[in-house]
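Here's the structure, in structure tokens; my notes come after.
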Amino acid sequence: KIEVISLGDRVTLQANPPITQFTFGNRSAETMLNVKDGETIVLGGLIQEEDRKTRTTIPWIGDLPFIGNLLSSFQTQRVTTEVILTITPHIIQGITAPGLSTQVFWSGTDSSYATSPLFAPKGKKISMIGGGVSGAGFSSSGGAAKGGMAGKAAAASLTPMASVGAVASIRPDESVIQMGKEFKLAITDERLRPTAGGVFQLQYDPQVLEFRRLLNGEVIQSSSTGEQTSSRPETQVGTVAFKVAPSARKAGGRTVTVTFYAKGPGVSPMRVALVDSAAESSTVSTQEGKGIVRVR
């Protein structure tokens, strides 16, 4: 649709006080085009055509019939207004549908952003009765004490298995990032009773990703758990040790935002686990949060 607005003559709206304004001419044309990418087309047409006639004569005498026309000179002028429009379309970027990981997310509450289902799947029932205990073990007081210690050890070994789900989660769990851009991952403490001194360890591929900063968390710098990289190129793993900031934990937050920079193409597995507690160290391998980042 093409719309052309032209400026006309000045018109007096009021003599005293004098008020004048210009007249505007508005003309529009609508058409449909089917062109290719980068193909140039030209649209043109006549917008307005005017015939202007000017008369020059002697005052008073020019008003006389017949004689006035003989003593006057006439000048006719034709004015045409045309418009020419050049159009070259270019396709900037095609429409791509967003991935499934960006369309589906878990909701939470106003105090805790949940990145996992509200109700975890039911686990298998665990029997607390130890097997393979002979009756001779209860024949004496010493045997009963040994049996009691064995029962406590079995109960202690089964305690980590009773907790369902990972101690931490990574969201989004699958990401596709363009090389040379920064992106963020949300790591949530999924423990039922989190401790203030809980230290998490995040592992990534340093050849693909570069750690930038941490929000709502504190990076632990030490020789054993700080940010480091293994020396062997074939098993090179970047590690960042951190914990939830006390200010964020007091406000009810349990989510830490990690910012990475995609520096090279490839696939980087992401793993996060709790590493500072001896009681929970045996559950790190089975209850670690996992994710994957693909850089193109």
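Values computed for the structure shown
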| item | result |
| --- | --- |
| Pairs, first more than 26 Å from residue 245 (Cβ to Cβ) in region 257-276, second crowded, with 18+ Cβ neighbours inside 10 Å, C-beta under 6 Å, six or more apart | 264/208; 265/295; 266/208; 266/295 |
| Residues of region 24-58 that turn out to be closer than 30 Å to residue 70 by Cα and among the aliphatic types (A, V, I, L, M), as a count | 1 |
| Unmet criterion (only one of (1) modelled with pLDDT under 90; (2) closer than 26 Å to residue 177 by Cα) for residue 249 | (2) |
| Any hit, region 70-91, residues being surrounded by 10 or more Cβ atoms within 10 Å (Cβ to Cβ) and in contact with a helix residue (DSSP H, G or I) (Cβ under 8 Å, 6 or more places away or on another chain) | yes |
| Scope region 252-296; condition at pLDDT 65 or above and part of a loop (DSSP other than H, G, I, E, B); matching residues | 253, 254, 263, 264, 265, 275, 287, 288, 296 |
| Qualifying strands (runs of 3 or more DSSP E) (wholly inside region 1-98; at least 1 residues being touching a residue at least 40 places away in the same chain (Cβ under 8 Å) and among the small types (Gly, Ala, Ser)) | 2-14, 41-56 |
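The values are calculated or read from the model by the stated rules, or taken from the named source; none is laboratory data. The structure displayed is predicted, hence computed values, not measured ones. Here the Cβ is made from the backbone with ideal geometry for all residues, glycine too, and neighbour counts use every protein chain on show.
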